[in-house]
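Notes to accompany the following structure.
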Amino acid sequence: MVPPRLLPFLACAALSTPVPTAAAQDRPPTFADPHPPKVHELAEVQSPAPKAFPELRFHAAPRPLAKGAVTQSWPSFLGPARDGRSKESPLLVDWPDGGPTLVWEMQRGAGYACPVVEGSRLVYTHRVENETVIDCLDAETGRRFWQLRYPCDYGGRFFSDGGPRSTPVISEGRVYVHGVGGVLHCLDLATGRIIWRRDLAAEFSIPDEFFGVVSSPLVVADLLIQSLGAPGGPTVAAFDKRTGRLVWGAGTEWGASCASPVAAEVHGREHVFVIAGGDSRPPTGGLLVIDAATGALESTYSYRSRTYTSVSASSPVVTGDLVFLTASYNTGSAGLRLAPDGELEETWTTRRFGLQFSNLIHIGGHLYGIDGVSDRMGALLCVDAATGVERSRTDLDWEETVLLRGEEQVLSFSVGEGSLLHADGRFLCLGDNGHLLWIAASPAGATVLARATLFHANKSWSPPVISRGLLYVCQNTRERFGARSAPRLLCFDLRGER
């Protein structure tokens with residue numbers, strides 16, 4: 001999930017001084033589990049058949065998948081590898097007039113979570129009035145398999161939208177959903193029945209931070225790993241994904257950020273990379289590198305704006321032994337190298353660009369990202385991953401005719417703080433006002449291959465999702481012009497032909 005943008009007056013910041021490493025710990029600290037959950041045994045229950053419901057509108061069946069099509073599930077935030085890259089092919093590049101075909105749409109409540117897809121099942125969480133809603137839908141038709149609702153009284157401090165920000169994760173027939181108020185559910189994907197449940201905010205005395213729970217949980221083998229930011233630790237915790245019991249905790253000093261953890265094998269061992277740093281005076285935070293099996297904190301790297309009301313929301317990017325960080329509020333970006341002994345070496349830093357909550361994507365030794373300002377400018381950036389040197393910057397803006405107060409007017413648009421997804425050798429970009437672009441990009445620059453207006457609604461900060469040739473997009477606010485439709489979850493047909 002992506003966190004909401006802070007008010008404009010908060011955007012002025014100064015760079016904190018990076019501290020490259022901290023000494024590796026011989027033993028991770030031991031944290032007591034305050035309230036191990038009860039695990040509910042599930043009897044054999046037949047999965048319900050999907051049914052239509054009033055909020056669903058089905059438009060048209062998608063075309064068949066091409067012969068030999070490459071498809072995959074999308075079970076986690078930013079995809080199976082949490083890197084914003086899809087193996088799906090072929091995908092439709094030449095859209096018909098009006099953009100790709102709309103398959104179905106669901107009127108939904110508040111929130112900024114992304115859907116996740118495993119096989120034929122899509123799980124999506126949002127908020128309707130004073131309840132958090134978890135829907136399991138048929139990914140191709142939108143029909144509902146099951147729904148779980150539970151009370152939610154989260155109010156928020158900086159933003160009126162009190163819906164979920166954290167994206168669920170699916171693993172081995174179970175779905176894990178971390179609510180904005182700190183309640184973590186483990187549900188049976190087939191039936192929606194609760195296997196275990198924890199109120200982590202209450203159990204670990206976790207403060208609200210700035211936006212509630214934003215970070216999306218991560219599954220590594222049998223562990224469910226999540227940023228907690230508990231006072232005095234753990235900053236990061238790993239739970240047994242089958243029982244919900246605490247396995248290890250790491251970190252004692254930093255609160256939880258809005259960024260989601262990532263995992264990668266480096267030097268033959270699985271590591272977890274977490275950006276931390278929440279509500280503290282002075283603001284502190286940065287990168288934690290953790291041994292995934294033991295919870296040992298191998299190294300830290302201080303990287304946080306000096307502005308008190310600042311958040312870190314873009315996840316680390318890891319390729320080989322290189323780690324890349326980016327943050328806004330005048331913080332900038334950095335390249336690091338993780339040594340076999342766990343030490344971090346700073347290879348480059350720059351303040352020429354820093355993304356607030358969209359994510360960098362590593363392709364062929366280069367980093368690509370949308371460097372923009374919400375509702376305003378936006379450009380596709382290409383940076384040499386080895387040096388941090390900017391190779392190209394392509395502005396993505398245009399003029400468009402809209403119906404405003406009953407009259408046609410020509411307005412300027414850009415992708416703003418858009419999201420990128422790499423698929424079929426190109427980039428899909430969702431602009432923060434609801435525009436979808438196919439972009440061919442290289443270090444030499446970028447070319448827009450197609451552009452469509454899916455809707456005119458700002459705060460479209462939830463990254464798009466692709467699975468089995470279908471594109472899922474979240475409209476998070478009402479339309480700004482014309483019909484002013486309510487927030488929706490939309491499914492589009494991107495299935496191409498060989």
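The values are calculated or read from the model by the stated rules, or taken from the named source; none is laboratory data. These numbers were taken from a predicted model, which means no experiment stands behind them. Positions of Cβ are generated from backbone atoms using ideal geometry, with glycine treated the same way; all protein chains shown enter the neighbour counts.
Which of (1) at pLDDT 95 or above; (2) closer than 14 Å to residue 286 by Cα; (3) buried (at least 22 other Cβ atoms within 10 Å of the Cβ) is the odd one out, the single condition residue 346 does not satisfy?
(3)
So, in the range 318-341, of the ones that are within 19 Å of the chain's Cα centre (by Cα) and in a strand (DSSP E or B), which residue ends up modelled with the lowest pLDDT? Working first, answer last.
The first filter runs over the range 318-341 and keeps only residues within 19 Å of the chain's Cα centre (by Cα), leaving 318-319, 323-328, 333.
Those still in the list that are in a strand (DSSP E or B) too: 318-319, 323-327, 333.
Working: 318: 98, 319: 97, 323: 97, 324: 97, 325: 96, 326: 95, 327: 91, 333: 95.
Result: 327.
Regarding the range 144-161, can at least one residue be identified that is under 24 Å from residue 58 (Cβ atoms) and buried (at least 24 other Cβ atoms within 10 Å of the Cβ)?
No: the range 144-161 contains no residue that is under 24 Å from residue 58 (Cβ atoms) and buried (at least 24 other Cβ atoms within 10 Å of the Cβ).
For the range 241-250, does any single residue satisfy the condition of being among the small types (Gly, Ala, Ser), over 16 Å from residue 287 (Cα atoms) and surrounded by fewer than 22 Cβ atoms within 10 Å (Cβ to Cβ)?
No, the range 241-250 contains no residue that is among the small types (Gly, Ala, Ser), over 16 Å from residue 287 (Cα atoms) and surrounded by fewer than 22 Cβ atoms within 10 Å (Cβ to Cβ).
Please work out which residue is surrounded by the most Cβ atoms within 10 Å (Cβ to Cβ), limiting yourself to the range 51-67 and to residues that are farther than 23 Å from residue 495 by Cα and not acidic (Asp, Glu).
53
Of the residues that sit in the range 266-317 and are without any contact (Cβ under 8 Å) to a residue 40 or more places away in the chain and within 21 Å of the chain's Cα centre (by Cα), which one is surrounded by the fewest Cβ atoms within 10 Å (Cβ to Cβ)?
So the residue we want is 285.
Find the residue count for the range 147-186, including only residues that are touching a His at 6+ places or on another chain (Cβ under 9 Å) and of a type in the set (Asp, Glu).
0
Which of the residues belonging to the range 5-44 are assigned to a loop (DSSP other than H, G, I, E, B), modelled with pLDDT under 90, farther than 25 Å from residue 336 by Cα and out of contact with any Lys or Arg (no Cβ under 7 Å at 6 or more places or on another chain)?
Scanning the range 5-44 gives 5, 6, 7, 11, 12, 29, 30, 41, 43, 44.
Just checking, does the range 420-428 include any residue being surrounded by fewer than 23 Cβ atoms within 10 Å (Cβ to Cβ) and either in contact with a Cys (Cβ under 7 Å, 6 or more places away or on another chain) or at pLDDT below 95 (or both)?
Scanning the range 420-428, I find no residue that is surrounded by fewer than 23 Cβ atoms within 10 Å (Cβ to Cβ) and either in contact with a Cys (Cβ under 7 Å, 6 or more places away or on another chain) or at pLDDT below 95 (or both), so the answer is no.
For the range 342-358, enumerate the residues that are of a type outside the set (D, E, K, R) and closer than 18 Å to residue 305 by Cα. Reasoning before the result, please.
Initially, the range 342-358 is screened for residues of a type outside the set (D, E, K, R), giving 342, 344, 347-350, 353-358.
Answer for the range 342-358, where residues must be of a type outside the set (D, E, K, R) and closer than 18 Å to residue 305 by Cα: 348, 349, 350, 353, 354, 355, 356, 357, 358.
Return the total of residues in the range 390-433 being of a type outside the set (A, V, I, L, M, F, W, C), in contact (Cβ under 8 Å) with a residue 12 or more places away in the chain and in a strand (DSSP E or B).
14
Look through the range 277-289, keep the residues that are touching a Gly at 6+ places or on another chain (Cβ under 8 Å) and aliphatic (A, V, I, L, M), and return whichever of them is nearest to residue 314 (Cα to Cα).
This residue is 288.
What's the number of the only condition in (1) at negative phi; (2) of a type outside the set (D, E, K, R); (3) modelled with pLDDT of 95 or more; (4) touching a Phe, Trp or Tyr at 6+ places or on another chain (Cβ under 9 Å) that residue 211 fails to meet?
Exception for residue 211: condition (3).
Considering only residues that are in contact with an Asp or Glu (Cβ under 7 Å, 6 or more places away or on another chain) and polar (S, T, N, Q), look in the range 368-401 and name the one that is modelled with the highest pLDDT.
For the range 368-401, the residue satisfying everything is 401.
Of all residues being closer than 30 Å to residue 479 by Cα and among the charged types (D, E, K, R) in the range 342-391, which is farthest from the chain's Cα centre (by Cα)? Just the residue, please.
376
Only one of these conditions is not met by residue 101: (1) on the phi < 0 side of the Ramachandran plot; (2) out of contact with any Asp or Glu (no Cβ under 7 Å at 6 or more places or on another chain). Which number is it?
In the conditions (1) on the phi < 0 side of the Ramachandran plot; (2) out of contact with any Asp or Glu (no Cβ under 7 Å at 6 or more places or on another chain), residue 101 misses (2) alone.
Would you mention how many residues in the range 215-234 are over 18 Å from the mean Cα position of the chain (by Cα), closer than 18 Å to residue 36 by Cα, touching a residue at least 24 places away in the same chain (Cβ under 8 Å) and part of a loop (DSSP other than H, G, I, E, B)?
Number satisfying all stated conditions: 3.
Looking at the range 152-162, is at least one residue part of a strand (DSSP E or B) and of a type outside the set (A, V, I, L, M)?
Taking the range 152-162 first, the residues part of a strand (DSSP E or B) are none.
Scanning the range 152-162 turns up no residue that is part of a strand (DSSP E or B) and of a type outside the set (A, V, I, L, M).
Within the range 247-285, track down each residue that is under 24 Å from residue 112 (Cβ atoms) and either of a type in the set (A, V, I, L, M, F, W, C) or not in a loop (DSSP other than H, G, I, E, B) (or both).
The first filter runs over the range 247-285 and keeps only residues under 24 Å from residue 112 (Cβ atoms), leaving 254-263, 272-280, 283, 285.
Passing the criteria: 254, 256, 258, 259, 262, 263, 272, 273, 274, 275, 276.
Looking only at the range 441-487, count how many residues are surrounded by fewer than 22 Cβ atoms within 10 Å (Cβ to Cβ) and not in a loop (DSSP other than H, G, I, E, B).
So the count comes out to 9.
Looking at 307, 387 in this structure, which one is under 27 Å from residue 269 (Cα atoms), of a type outside the set (Asp, Glu), in contact with a Phe, Trp or Tyr (Cβ under 7 Å, 6 or more places away or on another chain) and not in a strand (DSSP E or B)?
Values: 307 fails: under 27 Å from residue 269 (Cα atoms).
After ruling out the rest, the residue left standing is 387.
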